[in-house]
Amino acid sequence: MKQSPIYLDYNATTPIDPLVREAMLPYLSEHFGNPSSDYIFGRRAREAVEHARKQVAALIGARPEEVVFTSGGSESDNQAIVGTALANAGKGKHIIATRIEHPAVTNTCRYLEKTLGFSVSYLPVDRYGMVDPQDVRQAITRETILITVMHANNEVGTIEPVEEIGVMAKEWGILFHTDAAQSCGKIDVNVDRLHVDLLTIAGHKLYAPKGIGALFIRSGDSVDSLIHGAGQEKGRRAGTENVPYIVGLGAACELAGRALPEYGAVKALRDRLHAAIVDGLGEDMVRLNGHPENRLPNTLNISIRGLVGGDLLGAIPEMAASTGAACHAGSPEPSGVLLEMGLGRELALGALRLTLGRWTTEEEIDAAGGLIVERARQMVGWRGGNTNALS
Ligand SMILES: Cc1ncc(COP(=O)(O)O)c(C=O)c1O
């Protein structure tokens, strides 16, 4: 699917897969029933929702009854954190998170601090954006009821040591949530291997529409609901189900599982783009942000010395990419994630987040690499061969 301008912002959102759209269409027309109704229209809708639940569960190695449909990643994070806090406040009021979580996690934690008297330990990360499991262990107190650590960071792609933290959480009997909005569909995600109790999925990061997501809640865990009403989703999330979008998420998850091997090629294209930029601008001028190996295969975050990322992107109208998280777009402030990783303000402002998808082509990558090098050279007043020639 060729895009114009070249689309390199798949971590912000993905287009809807045409097969996902096709699966959804009947549920926007003839199959309009309410899943709670007791006649054929209702039964059809109900069966579609349950089929989608199986498809989502299969992608993450869960049981279908452990999947709750939500309105997206933010709601899933909110339900995981607030729901756990409400259900377990009697046991303790301490939560452990990292300093590089998505605002859907950070601001939810802050809300609990402000309104319900919770205390939250926000753990630092290293220069690659990775949290140290030993820091998690040291932060645990008798009051700790939840640990929340994202699976992969949305800006730099670093994959966190979730498995190790999960083992620790289990040992201590503490519930463990991971926000897998960015990792689901890009790398293998399995709730048992990761030892998580709660896991967030966001549809629009894996070729389903925006406004649909899911939360995995391990059977037996006590997590309160946020939306109260009739008994949909077994009482865990009230409201008539968004059947077409749920069907879309199910189809997207099934396709994502099948497409995982394609990410080897996506990674090769990402590395080709990185190499082209380094070749064109010189190693001294380009800094890779994020872990060199332990990182999402589609994510390339670089800082170009002497440039403001937003200015450079403004000079490349042929390409759509970002300087960091989509929700931070347009801000004159540098990314908080990069600052937490120890980058100085100037380097952090020089960041570009280039994120590829299943449909990114070699032709697009070569064109994007050429444009970035050309416009960056123009902006720094490039005078030739190597970085020493920069003015
Ligand atoms: C890591 C992460 N968590 C949560 C979200 C929020 O998801 P949604 O936009 O579906 O609410 C995003 C989206 O940017 C994300 O990248």
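For the reader, a short list of remarks on this structure follows.
- Backbone N within segment 178-200 under 15 Å of label point (7 Å from Leu19 Cα along the Cβ vector): 185-186
- Computed from phi, the 3J(HN,Hα) profile of segment 252-267 under the Karplus parametrisation 6.51, -1.76, 1.60 (θ = phi - 60°) reads 4, 5, 5, 5, 4, x, 5, 8, 3, x, 5, 6, x, 6, 4, 5 Hz, with x in place of Gly and Pro.
- Summarising the label geometry, the points placed 7 Å from Cα in the beta-carbon direction at Ala268 and Glu171 lie 4.1 nm from one another.
- Acute angle (nearest 10 degrees) that the helix 73-88 long axis makes with the longest principal axis of the chain, alpha-carbon atoms: 50
- Charge dipole of the chain (Cα centre as origin; +1 on each Lys and Arg Cβ, -1 on each Asp and Glu Cβ, all else neutral): 400 debye, rounded to the nearest 20.
- When the Cα positions of Ala180, Val167, His204 are compared along the charge dipole of segment 165-291, His204 comes out farthest toward the positive end, with charges on each C-beta of Lys, Arg, Asp and Glu.
- As a calculated quantity, the FRET efficiency between Asp224 and Asp126 at R0 = 25 Å, using C-beta atoms, amounts to about 0.15.
- Entry note, the chain: the mean residue ellipticity at 222 nm calculated from DSSP H runs of n ≥ 4, each adding -39500 (n - 2.57), is -11500 deg cm²/dmol after division by the residues and rounding to the nearest 500.
- Asn301 sits among other residues whose Cβ lies under 10 Å from its own Cβ, and their net charge, with Lys and Arg +1 and Asp and Glu -1, is +2.
- Cα centroid separation, segment 97-140 to segment 164-232: 17 Å.
- Share of pairwise Cα-Cα distances greater than 15 Å in segment 49-116 is 61 percent (whole percent).
- Couplings 3J(HN,Hα) for segment 333-338, derived from phi with the Karplus relation 6.51 cos²θ - 1.76 cosθ + 1.60 (θ = phi - 60°), are 7, x, 5, x, 5, 5 Hz, where x marks Gly and Pro.
- Looking at segment 185-230, the pairs of alpha carbons with a distance over 16 Å make up 53% of the total.
- Restriction of the chymotrypsin sites (Phe, Trp or Tyr not before Pro) in segment 23-55 to DSSP coil positions whose beta-carbon has at most 10 other beta-carbons within 10 angstrom yields Tyr39.
- The convex hull built on the alpha-carbon positions of segment 18-259 has an orientation-averaged projected area of 12.5 nm².
- Its Cα gyration tensor gives segment 261-391 an equivalent ellipsoid; the semi-axes, largest first and in whole Å, are 21, 19, 14.
- Point-charge dipole on Cβ atoms (K/R +1, D/E -1) for segment 187-288, about Cα centre, debye to 20: 220
- Net charge of neighbours whose Cβ lies under 14 Å from the Cβ of Gly166, counting Lys and Arg as +1 and Asp and Glu as -1: -4
- In a DSSP loop and with at most 15 other Cβ atoms within 10 Å, the GluC sites (Glu not before Pro) in segment 86-158 are Glu143.
- Across Lys54/Lys267; Lys186/Lys210; Lys205/Lys267; Lys93/Lys170; Lys170/Lys210; Lys114/Lys186, pairs whose alpha-carbon gap is larger than 27 Å: Lys54/Lys267; Lys170/Lys210; Lys114/Lys186
- In terms of its alpha-carbon gyration tensor, segment 117-178 comes out prolate; a/c meets the 1.5 threshold, and the first ratio a/b outweighs b/c.
- Percentage relative contact order, segment 18-259, counting C-alpha pairs under 8 Å, at least six apart: 28
- Restriction of the GluC sites (Glu not before Pro) in segment 7-77 to DSSP coil positions whose beta-carbon has at most 11 other beta-carbons within 10 angstrom yields Glu30.
- Evaluating 6.51 cos²θ - 1.76 cosθ + 1.60 at θ = phi - 60° for every residue in segment 309-320, the Karplus couplings come out as x, x, 5, 5, 4, x, 8, 10, x, 6, 9, 10 Hz, glycine and proline recorded as x.
- For Arg63 and Ser37, a Förster radius of 30 Å and the Cβ-Cβ distance give a FRET efficiency of 0.70, rounded to the nearest 0.05.
Throughout, read-outs are computed from the coordinates displayed, never taken from laboratory work. Since this is a predicted model, take the numbers as computed values, not measurements. All Cβ positions, even for glycine, are placed from backbone atoms using ideal geometry, and neighbour counts span all protein chains on display.
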